[in-house]
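Single-structure report; data block below.
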Amino acid sequence: MFPLSTGMAVLAGLSLGVLGVLWVFYERWERRGGSAARPAAHHCVRCDAVYGAPRAGGGTRCPRCGHPNPPLRF
């Protein structure tokens, strides 16, 4: 049987390995445009509406008043 310290080291190593693999996967996914399919949040400065629109660069028009607005940045 393994000593407790060896078992904890193996468990910690496996956990870090899984986190590393997930990190690499999501970094590559983002670079390939994975977040481009998610809608961006917009806030209209004229009528104070909050709406979602595709991330197609530039500003989009407010569905309520038609004013062009840039996407929100968090």
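Structure above, values below:
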read-out	value
Pair list, Cβ under 8 Å, 6 or more apart: the stretch 28-40 residue assigned to a loop (DSSP other than H, G, I, E, B), other residue at pLDDT 65 or above	ARG38/ARG55; PRO39/GLY52; PRO39/ALA53; PRO39/PRO54; PRO39/ARG55
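For every residue, the table says whether it meets (1) at pLDDT 85 or above; (2) among the small types (Gly, Ala, Ser); (3) touching a strand residue (DSSP E or B) at 6+ places or on another chain (Cβ under 9 Å).
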{"residue": "GLY33", "(1), (2), (3)": "no, yes, no"}
{"residue": "PRO39", "(1), (2), (3)": "no, no, yes"}
{"residue": "ARG46", "(1), (2), (3)": "yes, no, yes"}
{"residue": "GLY52", "(1), (2), (3)": "no, yes, yes"}
{"residue": "PRO63", "(1), (2), (3)": "yes, no, yes"}
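The values are calculated or read from the model by the stated rules, or taken from the named source; none is laboratory data. Being a predicted model, the structure only gives us computed values, none of them experimental. Positions of Cβ are generated from backbone atoms using ideal geometry, with glycine treated the same way; all protein chains shown enter the neighbour counts.
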